[in-house]
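Below: the structure, in structure tokens.
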Amino acid sequence: MTAVASPPVAPPIKPSRKRTGWKTAAGFASGAVALFALAPAALDDFRLGLLAKYLCLAIIAVGIGLAWGRGGMLTLGQGVFFGLGGYAMAMHLKLADAGAGNLPDFMQLYGQLDALPWWWRPFANPVFALVATVALPMLVALLLGQLIFRRRVRGAYFAILSQALAAAMAIFLVGQQGTTGGTNGLTDIQGFFGYDLNDPVNRKMIYFIIAGALLLMLAVAWQLMRSRYGELLVAVRDAEERVRFLGYDPANVKLVAYVVAAGMAGLAGALFVPAVGIISPALVGVVPSIEFVVGVAVGGRASLIGPALGAVAVAWARTALSERVPSAWTYFEGLLFILPIVFLPGGLASLPRLLRKARK
């Protein structure tokens, strides 16, 4: 009897790289139109300023999506890096507002110092300040990551440790009233590299800068996620020991994502300062760090655009609820976190896929 050979099984059809590239380009183009054309045309100056603030939070969320969604690192301490970038920018702007040779207004008010502290002086240089807003958080993340990942700290221990760092930084800033403004922080920032922040035209310029930075960070995250490194990061998240046996060092893989996420948070903090005009310990402690993660969870941590959309949605909901129900808005914010976890684990980004399945 002659055996009949079975027909070869066709390999699964995958979307071509060219098709994926076109879809990605269309997505970025749509985002650019929405941010640079539709939003300025539809929103008044006040609401556009709020959107600028929300987009800063979206930049942080993109980094958390990379570290947590792809790398499995629940980063509950991004307020540390957000604060480092924000204070670095605010220090320069306060020195610029005070003028050469003068102390910032809060130092004169508290009367604890007769001369500018040595560690403030480099921030008078605009180039140094701009570099420090991103480099300083990344350097701190590099040092912390070396200590944490080399000792194989992960899971809940990593989350608790990162949260403790945020609490420690907030306590430190509060205790340094003469040099950091204490509880009040650095406030009443008037200028941004020679531009008056009280001018609506200049505030709109700040919005455009923030919108461009968000699109750039999304592009960076997209490139990392689709690269060989992105695949390795997912492998470390799902099977760390197996990756180690294959000859890779999971600590280095995690460290890259952690440092990149810290740089994004620092950039967000630096842009938040001219957008809002203030940076304080209340914005860098435990509660803000948790709220950053809430936005990512609501949007969908495993996707590219989900964390950014979730951060904007949660921030907008917080503002809207605090205006309408100021005494109970925190409970509604809690529901915003619980409901997606229970009924929509993939976040808002998974809605299109679920709707397509429902139609079939």
Qualifying residue in region 200-208 (condition: closer than 21 Å to G63 by Cβ and either of a type in the set (D, E) or surrounded by 16 or more Cβ atoms within 10 Å (Cβ to Cβ) (or both)): yes
Helices (runs of 4 or more DSSP H) contained entirely in region 164-253, each with at least 3 residues that are over 30 Å from V287 (Cβ atoms): 200-226, 228-238, 240-245
Answer residue from region 168-179, given it is small (G, A, S) and at pLDDT 90 or above and is nearest to L116 (Cα to Cα) among those: A170
Selection count where residues are surrounded by fewer than 18 Cβ atoms within 10 Å (Cβ to Cβ), touching a Pro at 6+ places or on another chain (Cβ under 9 Å) and of a type in the set (A, V, I, L, M, F, W, C), scope region 107-166: 1
Selection within region 341-360 - at pLDDT below 75 and surrounded by 16 or more Cβ atoms within 10 Å (Cβ to Cβ): none
Some residue of region 282-295 being β-branched (V, I, T), surrounded by fewer than 24 Cβ atoms within 10 Å (Cβ to Cβ), more than 20 Å from A141 (Cβ to Cβ) and free of Cβ contacts under 8 Å to residues at least 24 places away in the same chain: yes
Verdict on L354 being under 24 Å from L74 (Cα atoms), part of a helix (DSSP H, G or I) and out of contact with any Cys (no Cβ under 6 Å at 6 or more places or on another chain): no
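Restricting to region 318-334, give me the number of residues that are surrounded by 12 or more Cβ atoms within 10 Å (Cβ to Cβ), in a helix (DSSP H, G or I) and of a type outside the set (D, E).
First, the residues of region 318-334 that are surrounded by 12 or more Cβ atoms within 10 Å (Cβ to Cβ): 318-322, 325, 329-330, 332-333.
The next check asks that each one be in a helix (DSSP H, G or I); those that pass are 318-322, 329-330, 332-333.
Going one step further and asking which of them are of a type outside the set (D, E), we end up with 318-322, 329-330, 332.
The qualifying residues number 8.
This table checks each residue for (1) of a type in the set (A, V, I, L, M); (2) at pLDDT below 95; (3) in contact with a Phe, Trp or Tyr (Cβ under 8 Å, 6 or more places away or on another chain).
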{"residue": "G145", "(1), (2), (3)": "no, yes, yes"}
{"residue": "I148", "(1), (2), (3)": "yes, yes, yes"}
{"residue": "R152", "(1), (2), (3)": "no, yes, no"}
{"residue": "A156", "(1), (2), (3)": "yes, yes, no"}
{"residue": "A166", "(1), (2), (3)": "yes, yes, no"}
{"residue": "G181", "(1), (2), (3)": "no, yes, yes"}
{"residue": "I189", "(1), (2), (3)": "yes, yes, no"}
{"residue": "L215", "(1), (2), (3)": "yes, no, yes"}
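The values are calculated or read from the model by the stated rules, or taken from the named source; none is laboratory data. In this text the structure is predicted, and so the values were computed from the model without any measurement. Neighbour counts run over all protein chains shown; Cβ positions are idealised from the backbone, glycine included.
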